[in-house]
Amino acid sequence: MRKENILPYAPVLIKLLQDVLYQEETAHWDMLLRHARSVQEYFEKIGVQVYIDEPEGYAYLRQHDEEDEEGQEPSRPLPRLVRRDRLSFHVTLLCVLLRERLQQFDTSASGSTRLVLHTDDLNDLIRPFFKERTDEVRMLRTFDAIIKQTADLGFLKRLTGAEENLYEVRRILKAKISADILFDIKEKMKAYAESAHV
């Protein structure tokens, strides 16, 4: 492949195909903003939309299930490019709780744009949704697994440095769980947790 044939914004296309692109990845973020229209047009040709939230500092790809004017499935539906993760009940629960915490954080006068929580804080968020258990060690192991799965999905980012067990809540949660449906989801999950005795 000849170098001159490579698009100047190719690194951004590749980053978006890999995962969410955050503002903290300065070089790629600046490139995305410079070539935003070209990047969007590139993906539109294959039926994928680029969603850029500049104030929140992230961009990602989304693929809608297209329907024709009568609401029917298209005769030649596109293969799915954008991954759809099926979340377990517990991971969904933590995501909803984190989204609510992010909303509270944004309305506070902290002056910071990053919500960072300790593992203990995350455990405290989940704990009320679990019935009392005598085996605390086993329960904490369960919490660790839920936190790890949530981080693997990109909704939490484990911070490295002097203090371990710190996680940044990723702002992509605001796109995945809108404020409009947050309350409704939480109420449904509360009812489910109570009936199922998580």
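Some notes on this structure:
- Of the residues I147, I181, I177, the single one that is among the β-branched types (V, I, T) and at pLDDT 85 or above is I147.
- Options R83, R114; residue that is modelled with pLDDT of 85 or more and outside any helix (DSSP H, G or I): R114
- Note on the range 145-176: residues that are of a type outside the set (S, T, N, Q), touching a residue at least 12 places away in the same chain (Cβ under 8 Å) and in a helix (DSSP H, G or I) amount to 8.
- Selection over the range 4-47 of residues that are in a loop (DSSP other than H, G, I, E, B) and under 19 Å from the mean Cα position of the chain (by Cα) gives a count of 5.
- Here L13, L17, L7 are screened, and the one residue that is on the phi < 0 side of the Ramachandran plot, out of contact with any Pro (no Cβ under 7 Å at 6 or more places or on another chain) and surrounded by 14 or more Cβ atoms within 10 Å (Cβ to Cβ) is L13.
The values are calculated or read from the model by the stated rules, or taken from the named source; none is laboratory data. These numbers were taken from a predicted model, which means no experiment stands behind them. Don't worry about glycine lacking a Cβ; one is built from the backbone with ideal geometry, like all the others, and counts go over all protein chains shown.
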